[in-house]
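Below: one structure, written as structure tokens.
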Amino acid sequence: MIKAVILCGGQGTRIRDVSEAVPKPMLPIGGKPILWHIMKLYAHHGIRDFVLCLGYKGWSIKEFFLNYRAVTADITIELGQAGAVEIHGALPEEGWRITLAETGESAQTGARIWNARRYLEDADRFCMTYGDGVADLDVAALLKAHAASGCTGMLSGVRPAGRFGEIDCDAGKVRHFHEKPNTTGGTINGGFMVFNTSDALRYFRGGDDLNLEQEVLPKLVADGQLAVYQHEGFWQCMDTLREFNMLNELWAKGQAPWKVW
């Protein structure tokens with residue numbers, strides 16, 4: 001079994017000018033949260049069991065999914081004391097299983113995964129990404145490459161302009177991982193990762209200060225256990241108002257490359 005872990009707990013301080021009412025994963029692209037777009041990508045590739053690691057304003061994500069069917073489907077309401085509500089038809093998202101895990105208001109990225117580990121015990125592998133980036137990534141190919149690598153973990157490498165964790169690659173493995181260098185002209189961490197569950201969790205520890213990028217990934221690199229899958233297609237995070245507007249414009253024009261479903 002493979003699950004998808006999505007980190008949804010950050011405060012998104014650089015994009016607060018869009019909205020302070022909801023966390024960044026709930027900011028809408030084409031009327032649906034960017035989180036929904038990420039989940040649609042995984043579901044398209046057959047992964048429909050999700051663990052959402054909540055933190056900042058996590059209640060808004062819970063409300064969205066608790067009310068999802070009533071909000072998106074046709075409903076008939078019979079008023080009165082004996083009234084009933086009938087929800088019509090099946091949803092495209094029928095069969096999704098979503099665990100909404102409270103992983104701490106101020107927990108770091110690695111701590112969120114560790115705090116949700118009990119929901120991963122029945123998964124041989126888990127995918128992981130952040131709740132603020134979309135791509136036309138071939139998740140099935142990523143999983144196949146990870147299995148063939150023999151490594152505990154694999155991350156996706158992309159090549160946009162810098163300000164993210166830069167990686168040095170050699171023969172399909174990560175040799176060095178530099179978290180957010182000042183300048184970069186090479187491959188960066190695109191955020192879409194996959195791990196062997198039992199092996200990967202040995203690199204984690206308790207404590208809300210555990211940072212995935214600064215502690216866990218470098219340890220995997222040091223042991224030669226972090227491979228890279230080079231993604232040459234579309235990838236874009238949503239970290240600023242400009243990026244938020246750009247993604248919405250692509251969707252409105254019917255030119256959203258990440259819409260593979």
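Points to keep in mind about this one:
- Taking the average, over residues, of other Cβ atoms within 10 Å as the packing measure, peptides 138-144, 101-107 rank 101-107, 138-144 from highest down.
- Most mobile of G110, G153, G206 in a GNM of the chain (Cα contacts under 10 Å): G206
- Value of D in µm² per second that Stokes-Einstein yields for the chain, Kirkwood Rh from Cα pairs, at 4 °C (1.567 mPa s): 68 µm²/s
- For the chain, the carbon plus sulfur part of the accessible surface works out to 49%, probe radius 1.4 Å.
- Computed over the chain with a Gaussian network model linking Cα atoms closer than 10 Å, the most mobile of I29, I77, I87 is I77.
- Less than 5 angstrom separates the built amide H of Q230 from those of G157, all sequence-distant by 5 or more or on a different chain.
- Simple Cβ-charge dipole of the chain, Lys/Arg +1 and Asp/Glu -1, about Cα centre, in debye nearest 20: 240 debye
- Rounded to whole numbers, the Karplus 3J(HN,Hα) couplings from phi for the stretch 231-239 are 9, 9, x, 6, 8, 7, 8, 10, 10 Hz, using 6.51 cos²θ - 1.76 cosθ + 1.60 with θ = phi - 60°, and x at Gly and Pro.
- What the chain shows is 46 Å² of accessible area per residue, with the surface traced by a 1.4 Å probe over protein heavy atoms.
- Around L247: net Lys/Arg minus Asp/Glu count, Cβ-Cβ under 12 Å: 0
- The trypsin sites (Lys or Arg not before Pro) found in the stretch 9-106 that occupy coil by DSSP, while having at most 16 further C-beta atoms within 10 Å, are R16.
- Placing dummy labels 7 Å off each Cα toward the beta-carbon, the span from A84 to E249 is 5.1 nm.
- Proximal lysines relative to K62, as straight alpha-carbon distance under 16 Å, when same-chain residues fewer than 8 apart are discounted: K24, K32
- Amide H to amide H, with H built 1.01 Å from N, L210 comes under 5 Å of Q108, A111, counting only residues 5 or more places away or on other chains.
- Sequence-distant residues sharing a close amide H with D138 (under 5 Å, placed H): none
- Computed per residue of the chain from DSSP H runs no shorter than four, each worth -39500 (n - 2.57), the mean residue ellipticity at 222 nm is -7000 deg cm²/dmol.
- Size descriptor, Kirkwood hydrodynamic radius, that averages inverse alpha-carbon separations across the stretch 1-95, Å: 15.2 Å
- The mean sequence distance of close C-alpha pairs (under 8 Å, at least 6 residues apart), as a share of the length of the chain, puts its relative contact order at 24 percent.
The values are calculated or read from the model by the stated rules, or taken from the named source; none is laboratory data. For clarity, every value in this text was computed on a predicted model and none was experimentally measured. Cβ: placed from backbone, ideal geometry, glycine included. Neighbour counts: every protein chain shown. When the accessible area is computed, the model is the full protein with side chains, heavy atoms only, and any ligands, DNA or RNA have been set aside. Shrake-Rupley method; radii C 1.70, N 1.55, O 1.52, S 1.80 Å.
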